[in-house]
Every structure is written in structure tokens, then in C-alpha cells.
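Below is one structure, written out as C-alpha cells; comments come after it.
The values are calculated or read from the model by the stated rules, or taken from the named source; none is laboratory data. The shown structure was predicted, so the numbers you read here are calculated from the model rather than taken from an experiment. All Cβ positions, even for glycine, are placed from backbone atoms using ideal geometry, and neighbour counts span all protein chains on display. Areas reflect the complete protein model, heavy atoms only, side chains present, ligands, DNA and RNA absent. Shrake-Rupley method; radii C 1.70, N 1.55, O 1.52, S 1.80 Å.
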Amino acid sequence: MAFELPALPYAQDALEPHISANTLSFHYGKHHNTYVVNLNNLLGDAAGSSQADLEAVIKDAAGDASKAGVFNNAAQVWNHTFYWNCMKPNGGGAPSGELAAKIDAAFGSFDKFKEEFSQACITAFGSGWGWLVVENGELKITKTIGADTPLAHGQTALLTCDVWEHAYYLDYQNLRPKYVETFLNELVNWDFVAEQLANA
């Protein structure tokens, strides 16, 4: 068995006008798929087919320079799959319930969370990711560069925003802050985020 490109949780045009079908055709259909193909080529017969297999590959390769290619491709497969699920049509707005209470407790208010999360995304130098994670039972905002992922650092991911240029350039050009603002206001799937918190 080999790893496969996971199906998108919505149609490629479902996030319009905020993220275009054109962006998704390249981002999902080309970039994400290439990471899957590269990973299978690197692993050969050792490739797995499940989410647990993929996470095991990432953890095994993390920090091992001789496995940098495996880590980069495996982590990007995982990061992208997680990112697609962090969005939905007619998303955004504010969370509710336990998630909202935890965000208020950790950051002071939802507006303060948005400000800090946006800063993490905007200031990730070059290509990377902004994250809301659980670490040692506490909510924390972090950013990773390249393919790096919370899985490699003992953190549980709750939310991510992809700030590699291919995630937004066709729609927003160099306006990364506008893309991040739109992600938070119009796209976040807070139900998915709450589910990750419940399972953390």
C-alpha cells in the first residue's frame, strides 16, 4: 500500500471568492499531490497508507538529517491535509463553547487571539505555517518554517494557516496580511478546531 492524496472535504470552487478554484487546482492538485508522490518514491515498499502510518514516518524522520527528504514530504502531506480541514465554505467568525473559553483564557480575548495568530502567520519568514496548538495542556500560538510541523515538537495542532506563497499568491499576490485576515474572518472551520481540542 502507498500513501494517497486525501480527498478535499469540499469542492475545489467551494471556498470562492476567498480562495479560488484556480488556486486549489494548483495548491491541492499539484503541490499537495507532488508531496504524496515524492514521499512514496522515497519510501518505496516501506510506504504506509494510514494517518497513523504518516504520523509515525514524520516522528521517525524528525531531526534526522539523513531523512530530511522523507520528513519534508511527509510533513507537507500531513500539514496540507490538516489545513484543508481547517477551512469550510461560510466559515470564519468566532468559535463557541469550550474552545472559545480556552481561547479567552489563554489570550485574553478572541480579538487578541486573532491579532497574535495573524502576527505569527505574517512574520513567518519565507515559506511556513501559523499554528494554534496545545502544548502541556495549554493553548499556544506558534509558527513553523518550511515543512516543519507541531507533530515534530510534541504539540497537538488545532488550527493552521498555510503561508507558503502558493497558498495565496494567485488570489492575493504579495498581500499575505489580507489573505490571513480573510482566512480568519471567512474560512476557518471552528467545528474542526473544536474537535481537535476535544481529542487533544
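Those helices (runs of 4 or more DSSP H) of the stretch 24-117 in which 2 or more residues are farther than 16 Å from PHE3 by Cα occupy 51-61, 68-85, 97-107. When THR34 is tested against (1) touching a residue at least 24 places away in the same chain (Cβ under 8 Å); (2) on the phi < 0 side of the Ramachandran plot; (3) open to solvent by 40 Å² or more (accessible area, probe 1.4 Å), exactly one condition is not met: (1).
Name the single residue, out of those in the stretch 37-59 being modelled with pLDDT of 95 or more and either in contact with a strand residue (DSSP E or B) (Cβ under 6 Å, 6 or more places away or on another chain) or of a type in the set (S, T, N, Q) (or both), that is least open to solvent (accessible area, probe 1.4 Å). The qualifying residue least open to solvent (accessible area, probe 1.4 Å) is ASN40. Scanning the stretch 149-182 for residues that are open to solvent by less than 40 Å² (accessible area, probe 1.4 Å), within 16 Å of ALA124 (Cα to Cα) and under 12 Å from the mean Cα position of the chain (by Cα) yields THR149, PRO150, LEU159, THR160, CYS161, ASP162, VAL163, ALA167. Here is the figure for the stretch 107-133: residues that are open to solvent by 20 Å² or more (accessible area, probe 1.4 Å) and among the hydrophobic types (A, V, I, L, M, F, W, C) total 4.
Determine whether LYS112 is in contact (Cβ under 8 Å) with a residue 60 or more places away in the chain and of a type in the set (Lys, Arg). No. In this structure, ASN199 does not satisfy being open to solvent by 50 Å² or more (accessible area, probe 1.4 Å) and within 26 Å of ALA21 (Cα to Cα). For ALA62, the conditions (1) over 24 Å from GLU181 (Cβ atoms); (2) of a type outside the set (Val, Ile, Thr); (3) touching a helix residue (DSSP H, G or I) at 6+ places or on another chain (Cβ under 7 Å); (4) surrounded by fewer than 16 Cβ atoms within 10 Å (Cβ to Cβ) all hold with the exception of (4).
In the stretch 145-162, the residues that are at pLDDT 95 or above and assigned to a loop (DSSP other than H, G, I, E, B) never reach a residue that is among the aromatic types (Phe, Trp, Tyr) and surrounded by fewer than 20 Cβ atoms within 10 Å (Cβ to Cβ) with C-beta atoms less than 6 angstrom apart, at least six apart or across chains.
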